[in-house]
Each structure stands twice: as structure tokens, then as C-alpha cells.
Amino acid sequence: MGTTQLLRMHLSMKIIKIDDISVSQRLREIDRDKVDDLVESIRLIGLLHPIVIDTDNNLLAGNHRLEAYRILGRDTIECKKVNLSKLENELVQIDENLVNNELNMIEKSEHIILRESILDDLGIRAIQGENQYGDVKSYTTSKLASELEISKRKYQWIKQISKINHTAREILKYTDISNNLDALLQIERLRDDELQIEVATRIENGHSTNSGNIRRLIKDVQNEIKRDSILEQLGNYKNSNHKKLQLYQGDFREVSLELDDNSIDMIFTDPPYITDDSLELYEGLSELGNRVLKDGGSCLCYVTQAMLHQVLNVMSSNLDYYWIISIKHSGNNGRHGRGVFVEWKPILWFVKGKRKRSDFVADFVFSEDSGKTFHDWEQSIKEADYYISHLTNIGNTIL
């Protein structure tokens with residue numbers, strides 16, 4: 001049964017000497033601000049709610065009120081003395097903390113878990129699948145939520161927070177998100193101890209803590225872990241100097257001078273189309289394609305919808321327009337400043353000379369989330385893999 005029923009059945013009112021009260025380890029530390037407020041309240045209007053002790057004078061509820069009385073120099077205090085079992089004593093303390101509504105979400109989740117464990121040990125926690133109306137003494141989730149004046153769903157969400165790694169919870173308990181249910185649930189859903197601890201540590205160190213920034217922080221940490229894993233694999237790659245794989249770093253208009261004329265079968269690229277010199281880059285790309293592509297070779301380049309006509313003009317000065325490809329975004333859609341939800345991105349397909357068709361290819365591909373692991377402009381490899389594998393053959397050279 002609940003605390004209210006327990007107290008009614010086993011209650012007697014007493015005046016007790018403060019020095020006779022034993023205070024054991026509490027579930028909550030004393031909040032000095034709350035004690036100061038209670039001191040003023042008790043001085044003005046007296047004690048509204050007596051403390052609760054057991055038959056051995058152990059304090060069950062009212063630690064802040066007791067501390068306020070000590071500060072006021074009082075020798076005695078009004079109390080409710082109850083004759084309860086050890087488990088019932090613990091239940092009184094837990095319910096006192098929950099009902100007073102002064103716990104943060106993390107503390108509430110821990111209290112809820114402990115409370116349900118005690119109710120289970122007392123044999124009064126309803127078991128899933130039983131008739132919830134069969135025994136009025138059984139505590140269903142709905143009944144427990146109702147006692148806290150919250151919905152069943154919110155009760156379950158708060159309870160879920162207790163699944164966060166213990167170390168991470170202890171860190172988060174003293175941060176700005178200790179009462180942010182949405183942010184805490186995002187961290188719980190990671191289901192990875194090391195990741196939860198890393199996110200909690202960064203929040204403790206001052207990372208912005210609104211819900212949107214928590215999502216971004218989680219994604220950043222996940223990307224860093226993924227990036228470190230990939231770099232570690234690359235560090236162990238024994239064929240990084242393989243002659244068939246060459247990496248050039250720098251302005252493509254300069255480093256591409258090392259490439260022979262008519263030596264490339266296909267160019268697949270994503271120019272930075274949001275920079276001031278975007279059109280110059282596309283123009284340089286068309287000149288490069290005209291020089292290094294073999295006859296019939298393809299040049300596929302990403303472009304933004306807002307620049308389609310301009311890019312078509314500059315690219316067509318050196319290469320022949322062949323087709324436009326639609327890449328369907330995965331995940332959330334972007335928003336363009338012109339008031340458009342952007343659900344796809346175009347790839348323009350140009351050729352040098354006359355292309356010899358070998359097979360049909362799709363002009364619509366569902367993309368995948370790239371994760372932006374190495375760069376904010378990183379694209380998914382799905383469309384690159386599809387078009388390179390369908391438009392070239394083994395032994396061809398891809399730029």
C-alpha cells in the first residue's frame with residue numbers, strides 16, 4: 001500500500017526531543033536554500049507538516065524541517081511516529097521526496113525505480129498481464145503515475161532515464177539538463193555507456209544544452225568515434241601507396257596539370273557551390289573535363305537547384321549536356337531561403353564527344369545519410385558507387 005495509507009494505519013502524533021532523533025544516510029542531500037526558506041516560514045507561522053519517525057526514532061521524512069528547527073535553536077519538534085517494517089520505512093522516505101516535487105528528472109527516475117522495487121518486495125506491485133482491477137491493493141503503472149499527478153506515458157519516460165549509464169547520470173545530475181526530459185531521453189537512447197559518458201562530460205564542460213544542440217552534440221561525438229575508427233583502419237592499410245590509387249591535394253585547377261590529356265574515363269565530383277567563386281569552379285571543371293576525359297567520357301557533378309541554369313551555361317561551353325539526375329534526400333529535408341523544402345539534389349551529367357551507350361541507368365536514386373563524418377559537405381557514397389559502377393568498367397580511370 002502507499003505511504004498515505006501506511007501512515008494512517010500505523011500513526012501516532014508525538015512531541016520528541018530533537019537530540020533523540022537519529023538521521024541515517026539520506027537519499028537526498030540537504031538543500032541549504034530550502035532550509036533557509038523553512039526557517040523563515042517556521043518562524044512566522046510554525047510547522048505545518050510534522051516530521052515522520054519510526055518507533056526507534058529514526059527519521060523517515062522531514063530532514064529539511066528538522067534541520068530548520070536545529071538552526072532556530074528549538075529543543076523539540078512535532079512528529080508522526082509510525083510502526084512500519086524496514087521496507088515500508090524506505091517507502092515513506094521515497095514518497096516524501098517524490099510528492100514534494102523537488103527532485104530533478106534524474107533523481108525522480110532513480111526514486112521511481114527504488115520505489116517499484118520496494119513495492120515488488122512488499123508484494124503489492126501489479127504484475128504485467130494481471131487484471132489491473134482485480135486487487136485494489138496492487139499498484140499498477142497507471143496508479144503510480146496518478147499519485148505523482150502525471151500521465152502514464154510521462155511516468156514511463158521518467159523511469160526510462162534510469163537506464164542511462166550510472167557514471168553519466170551522476171555527471172548529468174548537476175548540469176543544466178538534469179530537468180530536461182527530452183535531452184535526457186536522447187542520451188538514454190544511445191544505449192552505449194562510453195558514448196553516454198562522453199556526451200555527459202561535454203555537457204558538464206559547458207556545451208550548449210538546448211534540445212537541438214544536444215542532438216548536434218550526440219551526432220558530433222558519434223562522428224568523431226566513427227572517424228577515429230576509420231582513420232585507425234587507414235593507418236593499418238598496407239597498400240596506401242598502391243600505384244592504382246593516387247591522391248592529389250590542392251586547387252584542382254592547379255594539381256590537375258599533372259594529369260595527361262585524354263587519360264580519364266569518368267569524373268565524379270561535388271564542387272563547393274555555395275562559395276563566391278562557384279561558377280568559376282564549374283567553368284574550370286568543364287575545361288578540365290574537355291582536356292583529360294577520353295572521347296565519350298562522362299563528367300557528373302552535384303549542383304544546387306538555384307544555380308542550374310548558370311552551371312548549365314558555363315559547363316556547356318566545353319562539354320555536352322547529357323542528362324539531369326535526381327538524388328532523393330534521406331532523413332530531414334532542407335529548407336532553402338527561397339521558401340522551398342528541398343527534398344532532392346541534382347547531379348548534372350555531361351559527356352565529352354559521343355558517348356557509347358552500353359546499358360540503361362536510373363536517373364533517380366535514393367541516397368543515404370553520409371553522417372558528415374569528415375566534413376559538413378560530405379556526400380553519401382551510395383550515388384557515387386551506383387554511377388561509377390554502371391558507367392565505367394574494371395580497369396577504367398576515375399577522377
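The values are calculated or read from the model by the stated rules, or taken from the named source; none is laboratory data. Only a predicted model underlies this, so the values are computations on that prediction, with no experimental measurement involved. Cβ sites come from the backbone with ideal geometry, for glycine too, and all protein chains shown count toward neighbours.
Tell me which residues, restricted to the range 168-181, are of a type outside the set (K, R), part of a helix (DSSP H, G or I) and either at pLDDT below 90 or surrounded by 14 or more Cβ atoms within 10 Å (Cβ to Cβ) (or both). Can you show your working first?
Taking the range 168-181 as the starting set, the residues that turn out to be of a type outside the set (K, R) are 168, 170-172, 174-181.
Imposing the further condition that a residue be part of a helix (DSSP H, G or I) reduces the set to 168, 170-172, 181.
Answer for the range 168-181, where residues must be of a type outside the set (K, R), part of a helix (DSSP H, G or I) and either at pLDDT below 90 or surrounded by 14 or more Cβ atoms within 10 Å (Cβ to Cβ) (or both): A168, I171, L172, L181.
Does S208 count as at pLDDT below 90 and not charged (D, E, K, R)? Yes. Residues in the range 164-221 that are out of contact with any Lys or Arg (no Cβ under 7 Å at 6 or more places or on another chain) and among the acidic types (D, E): E170, D176, D182, D192, D193, E194, E198, E204, D220. The set of residues in the range 1-53 that are polar (S, T, N, Q), touching a strand residue (DSSP E or B) at 6+ places or on another chain (Cβ under 8 Å), at pLDDT 75 or above and not in a loop (DSSP other than H, G, I, E, B) contains only S22. Of all residues in the range 268-285, those that are hydroxyl-bearing (S, T, Y) and crowded, with 20+ Cβ neighbours inside 10 Å total 1.
Scoring K294 on the criteria (1) of a type in the set (K, R); (2) modelled with pLDDT of 90 or more; (3) not in a strand (DSSP E or B) leaves a single failure, condition (3).
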